[in-house]
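Undergrad: Got a structure for you, questions after.
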Amino acid sequence: MKKDKIKPTRSKFNILRQICNFIPRHTVSKIARTTGAEDKSRTFTPWSHVVSLLYGQLTHSIGLNDLCDSLQLHSGPLSSIRGATAPSRNGLSSANRERPAEMAEQLFWALMAHLGQQSSGFVRGKSRGAAFRFKIPIHVVDTTVLELVANCMDWAKHRRRKAAAKTHMRLNLQSLLPNFVIIDTAGEHDNKRARELCAGVKSGEIILFDKGYVDFGHLKDLDERGIFWVTRAKDNMAYEVVQKMPQSKDDKILKDEVIVLSNPNKPAPELVRRIVALVEVDGQEREMVFLTNNLEWSPRSVADLYRCRWQIEVFFKQIKQTLQLADFLGHNANAVRWQVWMALLVYVLLRYLSYVSKWAHSFTRLFTILRAVLWSKIDLLNLLGCYGTAKGSFRNLARPEQAYFPGFL
């Protein structure tokens, strides 16, 4: 017996146009005027620039020739997307170099606000992972390094023979959407950006970060603002124990104590809770030391919260493997920022499609299906409905090899 073929409903518009329609009309032109990008455009409009880079992300274009030639070959269907035009190689390179990347940044946040108004549940998200018992917003802070070509990018020199850019991010754990992003060179230490990343966190919320972001003066400020935080202790941390908490029934919890830092000359929280636990990493148990300013949570809850920090590692891995953040279309800082912001914008668009279509498969499969039919005239949501209801159980965000307590899953 032959298996029934999937036949999505036909549409008047191609898939790329339907994706671009999620960007509100006139938003790009308005932002181009306020940022000055419109002053640097002649025949190649800011809207055509945005569509070109969006297409480059969706098709994983590896260079200017790849992207420009493909769009010129499809100039007819491209013009149906609000009059977008195909760029020349020099025109796109010049736009990436001259037009301020603040335009892409503002467009990203404007789209996030628009989609939040359309579907509040998309931005609000849902409880997930080991911290499902927490109903308050949980933020995860981390950074990822984007490797660049050292002999072409002197502005981003990281080591003697390497160049790199860093993307610092605060990710909402419930929605898996960025709340704050900084794109900079890789030479600066992570904790220099900690205050900026946490500036928008409200009282009563939770923030998780690795020990690279530990700055005890900043942790004191978070404590005074009523924000709960969980991180790991540095190996050389000097402290004194002022109270030992009741021994946990879990034999994986080795110590649970309240401490004060030994150096009175440096600002620090008044009291810090220190938890030592046996954690399984790559099949072997090793000790990990967690710090938090909450004295009421159980040791297991603290460990579960820190375990959720791994979700941002998966997020970074996912966008690097799926979107185009390996081959850059320009060698200057402005072009790199344009490409990173457009990659994040495409990520949000695909997440929104996943949300409205109730997509049940992986994010990678969603990306590959859309890439294969960008110029086809198929109803977008019907297409995702046909493929998203196939048999099987899938996760939209892959589960990493991560540190965890044996028996706690």
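Undergrad: Could you please find all residues in the range 48-82 being of a type in the set (Gly, Ala, Ser), in contact with a helix residue (DSSP H, G or I) (Cβ under 9 Å, 6 or more places away or on another chain) and part of a helix (DSSP H, G or I)?
TA: Ser48, Ser52, Gly56, Ser70
Undergrad: Shifting gears a bit: What's the number of the only condition in (1) open to solvent by less than 20 Å² (accessible area, probe 1.4 Å); (2) touching a Leu at 6+ places or on another chain (Cβ under 9 Å) that Gly217 fails to meet?
TA: Looking at each condition in turn, Gly217 falls short on (2).
Undergrad: Now for a separate question. crowded, with 20+ Cβ neighbours inside 10 Å and not acidic (Asp, Glu): which single residue out of Leu64, Leu71 fits that description?
TA: Leu71
Undergrad: Hey, which of the strands (runs of 3 or more DSSP E) in the range 233-326, taking only ones fully inside, have at least 1 residues that are under 30 Å from the mean Cα position of the chain (by Cα), aliphatic (A, V, I, L, M) and surrounded by fewer than 20 Cβ atoms within 10 Å (Cβ to Cβ)?
TA: In the range 233-326, the matching strands (runs of 3 or more DSSP E) lie at 272-281, 284-292.
Undergrad: Need at least 2 residues that are touching a Lys or Arg at 6+ places or on another chain (Cβ under 7 Å), more than 21 Å from Ala303 (Cα to Cα) and at pLDDT 90 or above per element, so show me which strands (runs of 3 or more DSSP E) inside the range 117-207 make the cut, counting only ones lying wholly within it.
TA: 177-185
The values are calculated or read from the model by the stated rules, or taken from the named source; none is laboratory data. Since the model is a prediction, treat every value here as computed from it, not as a measurement. Heads up, the Cβs are rebuilt from the backbone with ideal geometry, glycines too, and the neighbour counts pull from every protein chain shown. For accessibility, only protein heavy atoms count, side chains too; no ligands or nucleic acids. Shrake-Rupley method; radii C 1.70, N 1.55, O 1.52, S 1.80 Å.
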